[in-house]
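Read through the structure below, which is laid out as structure tokens, and then see the notes.
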Amino acid sequence: MNRRTFLSNGVKTVAVLAASAKAAAAETVRLPFANGERGLVAYPQKQPLIRLTTRPPQLETPMRLFKEAITGNDAFFVRYHLTVAPPAEDLLRPAKFRLQVKGLVETPLTVSIEDLKSKFEPVEVVAVNQCSGNSRGFFEPRVIGGQSGNGMMGNARWKGVPLKTILAKAGLKSGAKQVTFDGLDKPLLPQTPDFVKALDVDQANDGEVMLAYEMNGEPLPWLNGYPLRLVVPGYYGTYWVKHLSEIEVIDKVYEGYWMNPAYRIPDNSCACVPPGTKPSKTVPIGRFNVRSFITSHEDGERIQKDQPVEISGIAFDGGSGIREILFSEDGGQNWREAELGEDLGKYSFRTWRARFVPKKTGEHKLQVRAVNRTGQSQPSEPLWNPAGYMRNVIETVKLLVA
Ligand SMILES: Nc1nc2c(c(=O)[nH]1)N[C@H]1C(S)=C(S)[C@@H](COP(=O)(O)O)O[C@H]1N2
Ligand SMILES: [Mo]
């Protein structure tokens, strides 16, 4: 089956899949919080992933699939906001698909995927995409929004054209302040605001923000933005607009719904407020904070006394890179340095491992804590904000030693 046929079959199948998702989800998983029962569901180009919602499709990656630094395309999480998402297959056909660049530019552009691939020097970056609300289900007190576990994240090698190159080709006019990004998915009801995101011109021109057409050496999977998406290394997934079809340069700060009031955090250094309270001032969410996970073992797993095991996992931050990973086998009383894996770049997952020899039976609380190159680390108590964003508390995995 070639990719075209696959995509076409895929799009036809999805309606059926969505309709029968309940029935198909015989297999379920339990995320470790109240009401954490979830079905596993297989969408086109995806292996069975944890279903958060069906309309629109929102799928979370099971933690056991994060054992490698790169997340497979078939394992990569999926997040959509609008009901008519993903867009109809017809709109995505390379023959039809065009990216428009307009607004405060000297020369408005209409670019095909073929143009992007053939007329511009490609660049690559390995970068984590993580949803702002990753791990929201763990918030206490609970908050409104998708109740996800830790799997709304993934790391891939992205290939495409720097946004800066395209903006230079169009030529920014003076007074350009922000750039907005819109994809082909649309709301079902006219009252629902279209999903449009904005970046300041300086950031859009930083040379790192990318118009990506490939992910891990393949065209983007349909559910991850085929045929073109924005990649904003180090920044929360909300800016990584999928099925990107319209770029507009504007002379003011964009105030559309998905920039304001949505996707905002308390305007302070912890992006947090006392649980249950509202921030007095907010700003748009920005870079990732530091996180690390144990992915070799699941909470509650059993291991043998005196048998050495390798504990391993991943860590990342918003782009300074990981300096050090600390591992604790006693619930955070003592910490020792873990061994870092290959460095795939400052925006990538960094793998780590540590040897653990359980000396006594009973429950052992394993913990991991990453420190980035600017010295930032993770809190031992969870931080709280009303939207349930940016959770990065030190994670604990309990192992039972027999
Ligand atoms: N067109 C479009 N792009 C979008 C979204 C969307 O709803 N529509 N959601 C954003 C959000 S909030 C996230 S977290 C990422 C998720 O990327 P993924 O689905 O490829 O994992 O896509 C972003 N890009
Ligand atoms: Mo998101």
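The values are calculated or read from the model by the stated rules, or taken from the named source; none is laboratory data. Keep in mind that this is a model prediction, so the values were computed, not measured. Cβ sites come from the backbone with ideal geometry, for glycine too, and all protein chains shown count toward neighbours. Surface accessibility is based on the protein's heavy atoms, side chains included, excluding ligands, DNA and RNA. Shrake-Rupley method; radii C 1.70, N 1.55, O 1.52, S 1.80 Å.
Pick out the one residue from 293, 288 that is closer than 22 Å to residue 146 by Cα, of a type in the set (Phe, Trp, Tyr) and either modelled with pLDDT under 95 or within 15 Å of ligand 1 (Cβ to nearest atom) (or both). Explain how you work it out, then say what you get.
Numbers: 293 fails: either modelled with pLDDT under 95 or within 15 Å of ligand 1 (Cβ to nearest atom) (or both).
Testing whether each residue is closer than 22 Å to residue 146 by Cα, of a type in the set (Phe, Trp, Tyr) and either modelled with pLDDT under 95 or within 15 Å of ligand 1 (Cβ to nearest atom) (or both) leaves just 288.
Considering (1) part of a helix (DSSP H, G or I); (2) surrounded by fewer than 17 Cβ atoms within 10 Å (Cβ to Cβ), say which one residue 96 fails and leave the rest.
Exception for residue 96: condition (1).
Is one or more of the residues making up the range 363-375 of a type in the set (Lys, Arg), more than 23 Å from residue 130 (Cβ to Cβ), surrounded by fewer than 20 Cβ atoms within 10 Å (Cβ to Cβ) and touching a residue at least 60 places away in the same chain (Cβ under 8 Å)? Full working, then the answer.
Filtering the range 363-375 for residues of a type in the set (Lys, Arg) gives 365, 369, 373.
With more than 23 Å from residue 130 (Cβ to Cβ) added as a condition, the list becomes 365.
Remaining after also requiring surrounded by fewer than 20 Cβ atoms within 10 Å (Cβ to Cβ): 365.
Imposing the further condition that a residue be touching a residue at least 60 places away in the same chain (Cβ under 8 Å) reduces the set to none.
No; the residues of the range 363-375 include none that is of a type in the set (Lys, Arg), more than 23 Å from residue 130 (Cβ to Cβ), surrounded by fewer than 20 Cβ atoms within 10 Å (Cβ to Cβ) and touching a residue at least 60 places away in the same chain (Cβ under 8 Å).
Taking the conditions exactly as written (crowded, with 21+ Cβ neighbours inside 10 Å, among the hydroxyl-bearing types (Ser, Thr, Tyr) and modelled with pLDDT of 95 or more), does residue 380 satisfy them or not? Don't jump to the end; show me each part of the working.
Numbers: crowded, with 21+ Cβ neighbours inside 10 Å: no; among the hydroxyl-bearing types (Ser, Thr, Tyr): yes; modelled with pLDDT of 95 or more: yes.
Considered against the rule, which asks whether it is crowded, with 21+ Cβ neighbours inside 10 Å, among the hydroxyl-bearing types (Ser, Thr, Tyr) and modelled with pLDDT of 95 or more, residue 380 comes out as no.
Which of (1) more than 14 Å from ligand 1 (Cβ to nearest atom); (2) in contact (Cβ under 8 Å) with a residue 12 or more places away in the chain; (3) open to solvent by 30 Å² or more (accessible area, probe 1.4 Å) does residue 192 not meet, given it meets every other one?
Only one criterion in (1) more than 14 Å from ligand 1 (Cβ to nearest atom); (2) in contact (Cβ under 8 Å) with a residue 12 or more places away in the chain; (3) open to solvent by 30 Å² or more (accessible area, probe 1.4 Å) is unmet by residue 192, namely (1).
When you check residue 220 against the structure, is it within 16 Å of ligand 2 (Cβ to nearest atom) and not β-branched (Val, Ile, Thr), yes or no? Please lay out each step first, then the result.
On the way: within 16 Å of ligand 2 (Cβ to nearest atom): no; not β-branched (Val, Ile, Thr): yes.
So residue 220 fails the test.
Here are 68, 60: which of them is open to solvent by 50 Å² or more (accessible area, probe 1.4 Å) and in contact with a strand residue (DSSP E or B) (Cβ under 8 Å, 6 or more places away or on another chain)? Working first, answer last.
Details: 60 fails: open to solvent by 50 Å² or more (accessible area, probe 1.4 Å).
Within the list 68, 60, the selection yields 68.
How many residues does the range 116-172 hold that are buried (at least 20 other Cβ atoms within 10 Å of the Cβ), part of a strand (DSSP E or B) and away from ligand 1 (no atom under 16 Å from the Cβ)?
Result for the range 116-172: 2.
Which residue out of 267, 306 is in contact with a Lys or Arg (Cβ under 8 Å, 6 or more places away or on another chain), within 21 Å of residue 382 (Cβ to Cβ) and charged (D, E, K, R)?
Values: 306 fails: within 21 Å of residue 382 (Cβ to Cβ).
Result: 267 is the single residue among 267, 306 that is in contact with a Lys or Arg (Cβ under 8 Å, 6 or more places away or on another chain), within 21 Å of residue 382 (Cβ to Cβ) and charged (D, E, K, R).
Within the range 173-188, restricting attention to residues that are part of a loop (DSSP other than H, G, I, E, B), of a type outside the set (Asp, Glu) and within 15 Å of ligand 1 (Cβ to nearest atom), which residue is surrounded by the fewest Cβ atoms within 10 Å (Cβ to Cβ)?
Start the filter on the range 173-188 by keeping residues that are part of a loop (DSSP other than H, G, I, E, B), which leaves 173-177, 184-185, 187-188.
In the following step, the residues that additionally are of a type outside the set (Asp, Glu) were identified as 173-177, 184, 187-188.
The next check asks that each one be within 15 Å of ligand 1 (Cβ to nearest atom); those that pass are 184, 187-188.
Values: 184: 20, 187: 15, 188: 12.
That would be 188.
Go through (1) of a type in the set (Ser, Thr, Tyr); (2) under 17 Å from the mean Cα position of the chain (by Cα); (3) within 17 Å of residue 100 (Cβ to Cβ) one by one and return the number of the condition residue 245 breaks.
(2) is the only condition that residue 245 fails.
Can you name the strands (runs of 3 or more DSSP E) wholly within the range 32-82 that have at least 1 residues being over 18 Å from the mean Cα position of the chain (by Cα)?
On the way: elements: 37-41, 49-53, 58-60.
Because the criterion is at least 1 residues that are over 18 Å from the mean Cα position of the chain (by Cα), the strands (runs of 3 or more DSSP E) in the range 32-82 that meet it are 37-41.
Across the range 98-127, what is the total count of residues that are in contact with a helix residue (DSSP H, G or I) (Cβ under 9 Å, 6 or more places away or on another chain) and either within 14 Å of ligand 2 (Cβ to nearest atom) or polar (S, T, N, Q) (or both)?
Qualifying residue count, the range 98-127: 1.
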